[in-house]
Amino acid sequence: MREQRQAGAVEGTVLRRGDDGYEAVRAAMVWNGLKPDRFPELIVRAASERDVPAAVRLARSLGLRIAVRSAGHSWCGSPVRNDGMLLDLSGLRRYAIDPGSATASVQPAVTGRELGPALAEAGLAFPTGHCGTVALGGYLLSGGLGWNSGALGPACHSVEEIEAVTADGETVRCNERENADLFWAARGAGPGFFAAVTRFRLRLHPAPGAIETTMYAFPLADVEPVCQWATEISHELEPSVELALTLATAAPFMADATPRPKVVTVTATAFASDGTHADEALRPLGSCPFADGAVHHRAPETTSLAALHGTADGLWPSGLRYAADTLWSDADFAALLSRLGDAMREAPSERSLVLAPFAPASHDGDLLRDMAFSVLGETYAVPYAIWDDPSGDEANIRWLRDAAASVAPLATGHYIAEADLTAHPARAERSFRANDWERLHNLRARHDPEGLFHTYLAP
C-alpha cells in the first residue's frame with residue numbers, strides 16, 4: 001500500500017518489469033540500435049521536475065538503486081542497469097533564454113538542435129554537442145566536447161549553476177558558492193554523478209558572425225604524411241578553428257569504385273566574427289603541399305550550425321547499431337592513426353570510422369579550472385563501429401575492441417562520455433586524474449553514503 005501511494009505521487013509513468021509495454025519502453029531508453037541485455041526493475045518517466053524527488057523517495061523505499069537518463073545517447077547504454085530504477089528525464093525539455101544576462105536555463109532533455117537556433121536568434125551561442133539530437137543533461141555532466149570547444153572550453157565550463165535532487169530526495173542549488181563540491185562533480189563526473197540534475201544555468205557566448213568549413217580527403221595509405229601536415233598547420237590556426245582528422249570509407253561523391261576506398265580526411269571549421277575573418281582563419285589550409293593527391297577537396301564555404309548538425313547526424317544516424325571507445329594519448333597523430341588506420345582497413349562495416357579532433361577541449365587552464373572533467377593527453381581519438389545487421393554484432397564489437405587494443409599502449413586516459421565502460425573495469429577510473437577520482441569517491445561517500453545512485457557501469 002505504501003509503495004502504491006508513493007508511486008501515485010509520480011505524475012509521469014511508472015512501469016514495472018513484466019508490465020505491458022515495459023519492453024518497448026526499455027528498448028526506447030537507448031538511442032543505439034544495439035540494446036543492452038540489462039533490465040531495470042522499475043522505469044519512471046518523469047513528467048515534471050516535481051516527479052524527480054518523488055521518484056528518488058520511491059526508489060529509497062523499495063531499496064532500488066537509481067540510474068538517470070536524459071535522451072539515451074550513451075553508446076554503451078549506461079543508464080540501463082539491472083534490477084534498480086531507471087529514472088527517465090526525457091520529458092524535461094523546457095528552456096528559457098535571457099539575452100540581457102547572456103544566460104539560459106535549460107532542463108536536461110533539451111537538445112542542441114532545439115537550443116542552437118533559438119540562441120542564434122538572440123545573437124548568442126553555446127558549445128552544444130556535434131550531433132544535434134544529443135541532449136544537454138548527460139552531455140554537460142560528462143564535460144561536453146562540442147562545437148567550438150577549442151575556443152570556449154568544454155561545455156561544462158559554461159555551466160554556472162545546477163539544480164539537483166540528492167539521494168535524500170532534497171532539491172539543492174549548486175554553484176561556486178552553494179554546494180560547491182557537488183557543482184565541481186557535476187562538471188565532468190558523467191554517468192557516475194550521485195544526484196539527478198533537473199536544471200542547468202548556462203553562460204552564453206556571442207554568436208559567430210560567420211561559420212566556414214573546408215575539407216581534404218586523401219587515400220588512407222597517406223595517413224602518416226597527412227597527420228604530419230595537419231599537425232603542422234594546427235599550430236597556425238586560431239583556437240576558434242575546429243580541426244579534425246577522420247578515417248573512414250570514402251563517401252559516394254568521392255569515389256565510384258566498388259568497394260569504395262578508405263580515406264583520411266582533414267576538416268576545418270572556423271567560427272569567426274565575419275566572413276573576412278573566417279577566410280583568413282582557414283588560409284593555412286590552402287597551402288597543402290600534396291593537394292594534387294587528394295581524392296576530394298572542398299574549398300572554404302559558408303555553412304551554419306544547423307548544417308553542421310545535419311552532417312554529424314548523417315554520420316551517426318538513429319536506428320543503426322553502435323559501439324565506441326575513446327582514448328587520450330601523448331603520442332602524435334601520425335603514430336596514433338597509423339595503428340588505427342591498420343584497423344580501419346579490416347573494419348567489417350564500411351560505416352565504421354575513427355574521429356581524431358585536434359584539441360577537442362582547450363588546454364587553457366582557465367577553461368578547465370574547478371571541474372571534475374580534465375584533458376588527459378595531447379591527442380584524442382574515438383573509433384566507432386557502426387553497422388545495421390544484428391548478425392554482425394559479434395564481428396563489429398570485436399573489431400572495436402581490437403582497434404582500441406591496438407592503441408592501448410599509447411593511451412593516457414579516456415573520455416567518460418564515450419568510453420566503452422563495458423570493456424574493462426578501469427575505463428571509468430582512467431577517465432579522471434588520480435586525485436580527481438579520489439575526490440569523486442570521497443564526495444560520493446559523503447553525499448550518497450548508501451549508494452542510492454548507481455556508480456559507473458562496468459563489465
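Read-outs throughout are calculated quantities, based only on the coordinates presented, and are distinct from any laboratory measurement. Just so we're clear, the structure is a prediction, and the values are computed from it rather than from any experiment. Note that each Cβ is placed from the backbone with ideal geometry, even for glycine, and that neighbours are counted across all protein chains shown.
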Discussion item. Given a Förster distance of 41 Å, report the FRET efficiency between Asp274 and Arg94 from their Cβ-Cβ distance, rounded to the nearest 0.05.
Written reply: 0.75
Fill in: Karplus (6.51, -1.76, 1.60) ³J(HN,Hα), θ = phi - 60°, over region 335-351, in Hz, Gly and Pro reported as x
5, 5, 7, 5, 5, 6, x, 4, 5, 4, 5, 9, 4, x, 10, 6, 7
Item to complete: Report the semi-axes of the equivalent ellipsoid for region 210-429 in whole Å, largest first, where each axis is √(5λ) for an eigenvalue λ of the Cα gyration tensor.
Response: 26, 23, 17
Worksheet item: Hey, rough spin-label estimate for Arg50 and Ala306, points 7 angstrom out along Cα→Cβ, what's it come to in nanometres?
Response: 3.6
Worksheet item: If you average 1/r over all unlike Cα pairs in region 121-218 and invert the result, what Kirkwood radius do you get in angstrom?
Response: 14.6
Item to complete: Enter the per residue convex hull volume of region 52-189, computed from alpha-carbon coordinates, in Å³ rounded to the nearest integer.
Response: 113
Worksheet entry | Residue-averaged [θ]222 nm for the chain, counting only DSSP H segments that reach four residues, each worth -39500 (n - 2.57) | -8000 deg cm²/dmol
Discussion item. For the pair Ser338/Asp389, report the inter-label distance in nm, with labels modelled 7 Å from Cα in the Cβ direction.
Written reply: 3.5
Fill in: Estimated inter-spin distance, Leu62 and Ala221, nm [label 7 Å along Cα→Cβ]
6.0
Worksheet item: Rounded to the nearest 5, what is the percent of antiparallel bridges among the DSSP beta bridges in region 2-88?
Response: 35
Fill in: Cβ crowding within 10 Å averaged over residues, with 285-291, 131-137, 19-25, 425-431 ranked highest first
131-137, 425-431, 285-291, 19-25
Worksheet item: So what are the ³J(HN,Hα) numbers for region 364-369, from phi and the Karplus equation (6.51, -1.76, 1.60; θ = phi - 60°), rounded to whole Hz, Gly and Pro as x?
Response: 4, x, 5, 8, 10, 7
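How long is the gain from Glu236 to Arg345 if the chain were fully straight, where each residue apart is worth 0.36 nm and the alpha carbon distance is subtracted? Intermediate values should be presented prior to the final figure.
On the way: separation 109, 0.36 × 109 = 39.24 nm, distance 3.13 nm.
Residue separation times 0.36 nm, minus the Cα-Cα distance, leaves 36.1 nm.
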Item to complete: Provide the three semi-axes, in whole Å and in decreasing order, of the ellipsoid equivalent to region 376-459 as defined by the square roots of 5 times the Cα gyration tensor eigenvalues.
Response: 28, 18, 9
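Under the 0.36 nm per residue contour assumption, what length would be gained going from the current alpha-carbon distance of His297 and Arg283 to full extension?
Details: separation 14, 0.36 × 14 = 5.04 nm, distance 1.44 nm.
Extra length from His297 to Arg283 when fully extended: 3.6 nm.
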Discussion item. Show me the three semi-axes of the equivalent ellipsoid for region 2-88, from the C-alpha gyration tensor (sqrt of 5 times each eigenvalue), largest first, rounded to whole Å.
Written reply: 21, 13, 11
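Report, as a whole number in µm² per second, the diffusion coefficient that Stokes-Einstein gives for the chain at 25 °C and 0.890 mPa s using the Kirkwood radius over alpha carbon pairs.
Calculated translational D: 109 µm²/s.
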